[in-house]
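Enquirer: Sharing a structure, written as structure tokens. Questions coming.
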Amino acid sequence: ENSMAMAKNTKNQYIFFSQDVHQQLLKQAKIEQALHYAIENNEISLVYQPQLNKQYKLCGVEALVRWHSSELGFIPPEVFIPIAEQTGLMPKLGQYIMNKSMNEITVLQHKLSTLFSLAINVSVKQFIQLNFFELLMQSIEDFGDKELPLTIEITESLFIESMDVLLPIFEKMKQHQISLALDDFGTGYSSLSMLREAPIDELKIDKSFVDHITENNIDKAMVKSIINMGKNLKMRVLAEGIESLEHAKILSKYGCDLFQGYYISKPLNIKELEVYVNTILKKN
Ligand code: C2E
Ligand code: MG
Ligand code: MG
Ligand code: MG
């Protein structure tokens, strides 16, 4: 009944669209078209943002996708990831990201004989596709290394899906020592019930909480409480969006385990990451 009403109304609704919405839809269609082309034509690349522990030792990197479209210029992931999800392109893009990041990081680690973990962001649609876990295993076999510690970052939006679907996947990940990180913690609405129901290994405190930690007492108290809660639940706690030494100092005082943000390093392409890792290895 719904879809009939929609079909009948399409023309009328179209008339009601403001110019803005119309432009927006056109742009979205353009992005979708260009995205098909992008995956085939090497326009998608990855950058890696270092994650340090309390001793300022590199313990991991987060892979972040970049798209420089020959036609549309730079498009941020926050714009094209949702479009890829809506248009069914996410499994393919997600697979590409998984393969490429494992390959680049494994090659680098072999070259420098060092080891640190790789965190990969996985969107809802990608995570619940039927063979997600099998594809992940295949990717490790083809491009990765059994030694490479892996973390899968998910967001709270994943939990609109039924636990019956999610838990078996979490279980299999656990059996293979693949960590589960809850990204952007604190921004969703179901944060706490999620912590209760899913085997989360790492909490990533959202940047929006870290931003005003130096001057806002409420934010300070919240971050402190999140860290304590994470520790009580035996989870690692990582703070993202660290932009100053002050941020790092306060978080460190509260017992935060891991640090990520522009103050430590911006996301780096694989060549820049090699220079970064080399510098750190020389210091140690
Ligand atoms: P996220 O996973 O929470 O990633 C953190 C974002 O914060 C990244 O933006 C990173 O560049 C930025 N960031 C890190 N440190 C700082 C800082 O100190 N200051 C500021 N202002 N920003 C900082 P980016 O790369 O634009 O990614 C945005 C979001 O897009 C990500 O949020 C993630 O949800 C999504 N995304 C990125 N790459 C992928 C991917 O490969 N797959 C999926 N599914 N989503 C991705
Ligand atoms: Mg992330
Ligand atoms: Mg985040
Ligand atoms: Mg985010």
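Enquirer: Can you give the accessible area of His36, probe radius 1.4 Å, in Å² rounded to 10?
Expert: Accessible surface of His36 is approximately 90 Å².
Enquirer: Could I ask something else about it? Given only helices, namely DSSP H runs of n ≥ 4 each adding -39500 (n - 2.57), what is the per-residue ellipticity at 222 nm of the chain, to the nearest 500 deg cm²/dmol? Could the numbers behind the result be given before it?
Expert: On the way: 12 runs with 149 residues, N = 284.
My calculation for the chain gives -16500 deg cm²/dmol from helical runs alone.
Enquirer: Tell me the Rg and the Dmax, in Å, that the Cα atoms of region 148-230 produce.
Expert: When restricted to Cα atoms, region 148-230 yields Rg and Dmax of 14.0, 43 Å.
Enquirer: Between helix 132-143 and the chain, what is the angle of the helix's C-alpha long axis to the longest principal axis, kept within 0 to 90° and rounded to the nearest 10?
Expert: Approximately 60 degrees, to the nearest 10.
Enquirer: While we're here: By how many degrees, 0 to 90 and rounded to 10, does the Cα axis of helix 2-16 deviate from the longest principal axis of the chain?
Expert: For 2-16 against the chain, the angle is about 90 degrees.
Enquirer: Let me cross-check Thr187: its accessible surface, 1.4 Å probe, with only protein heavy atoms counted, in Å² to the nearest 10?
Expert: For Thr187, the solvent-accessible surface is approximately 80 Å².
Enquirer: Here's another thing I want to ask about it. Which whole-number percent is the relative contact order of region 141-223 (Cα, under 8 Å, 6+ apart)?
Expert: Numbers: 86 pairs, mean separation 22.7, N = 83.
Relative contact order, region 141-223: 27 percent.
Enquirer: Below 8 Å, C-alpha to C-alpha, sequence gap of six or more: please give me the relative contact order for region 49-177 in percent.
Expert: Relative contact order comes out at 24 percent.
Enquirer: Return the subset of Lys100/Lys282; Lys27/Lys271; Lys57/Lys231; Lys220/Lys283; Lys125/Lys204; Lys234/Lys282 for which the Cα-Cα distance in this structure is over 31 Å, preserving the input order. Please list the in-between numbers first.
Expert: On the way: Lys100/Lys282 27 Å; Lys27/Lys271 33 Å; Lys57/Lys231 20 Å; Lys220/Lys283 33 Å; Lys125/Lys204 21 Å; Lys234/Lys282 33 Å.
Too far apart for the 31 Å limit: Lys27/Lys271; Lys220/Lys283; Lys234/Lys282.
Enquirer: With a 1.4 Å probe and all protein chains kept in place, how much accessible area does Met137 have, in Å² rounded to the nearest 10?
Expert: Here the accessible area works out near 50 Å².
Enquirer: Can you tell me how the chain classifies by the Cα gyration tensor, rounded, prolate or oblate, using a/c under 1.5 as the rounded cut? If you can, show how the numbers build up before the last one.
Expert: Working: a/c = 1.57, a/b = 1.36, b/c = 1.16.
Prolate, since a/c reaches 1.5 and a/b exceeds b/c.
Enquirer: Give me the percent of accessible area attributable to carbon and sulfur for region 169-284, probe 1.4 angstrom. Walk me through the intermediate numbers first.
Expert: Details: 3200 of 6040 Å².
Of the solvent-accessible surface of region 169-284, carbon and sulfur hold 53 percent.
Enquirer: OK, next. Please give the per residue accessible area of the chain, computed with a probe of 1.4 Å over protein heavy atoms only, in Å². Present the calculation step by step, with values, prior to reporting the outcome.
Expert: Values: 15450 Å² over 284 residues.
I get 54 Å² per residue for this part.
Enquirer: Treating only the Cα positions of region 61-124 as identical point scatterers, give the base-10 log of I(q)/I(0) from the Debye formula at each q in 0.19, 0.23, 0.26, 0.28 Å⁻¹.
Expert: The computed values of log10 I(q)/I(0) come out as -0.79, -1.00, -1.15, -1.24.
Enquirer: While we're looking at this one, here's another question. Could you put Arg196, Arg66, Arg236 in order of accessible surface area, largest first, with the 1.4 Å probe and the full protein assembly present?
Expert: Values: Arg196 185, Arg66 55, Arg236 85 Å².
Ranked list, largest accessible area first: Arg196, Arg236, Arg66.
Enquirer: Let me ask something else about it. Could you order Asp206, Asp164 so the one with the most accessible surface comes first? Probe is 1.4 Å. Don't skip to the end; give the middle numbers.
Expert: Numbers: Asp206 20, Asp164 130 Å².
The ranking, largest first, comes out as Asp164, Asp206.
Enquirer: Right, here's the next one. With contacts defined as alpha carbon pairs under 8 Å and 6 or more residues apart, what's the relative contact order of the chain in percent?
Expert: Values: 390 pairs, mean separation 48.7, N = 284.
Worked out over the chain, it gives 17 percent.
Enquirer: About the Cα centre of the chain, how large is the charge dipole given +1 on each Lys and Arg Cβ and -1 on each Asp and Glu Cβ? Please answer in debye to the nearest 20. Write down the numbers at each step before the final one.
Expert: Details: 28 positive and 35 negative charges, 134 e Å.
Computed about the Cα centre, the dipole is about 640 debye.
Enquirer: For region 61-190, state the semi-axes of the equivalent ellipsoid (square roots of 5 times the eigenvalues of the alpha-carbon gyration tensor), sorted largest first and rounded to whole angstrom. Don't jump to the answer; show the numbers that get you there.
Expert: Numbers: eigenvalues 101, 87, 38 Å².
Ellipsoid semi-axes (Å, largest first): 22, 21, 14.
Enquirer: From largest accessible area down, sort Leu26, Leu52, Leu192; use a 1.4 Å probe on the protein chains. Intermediate results must be reported in sequence, preceding the final value.
Expert: On the way: Leu26 95, Leu52 15, Leu192 115 Å².
Order by accessible area, largest first: Leu192, Leu26, Leu52.
The values are calculated or read from the model by the stated rules, or taken from the named source; none is laboratory data. Just so you know, these numbers come straight off a predicted model, no measurement behind them. Note that we place each Cβ from the backbone using ideal geometry, even for glycine, and neighbour counts take in every protein chain shown. Only protein heavy atoms, including side chains, enter the accessible area calculation; ligands, DNA and RNA are left aside. Shrake-Rupley method; radii C 1.70, N 1.55, O 1.52, S 1.80 Å.
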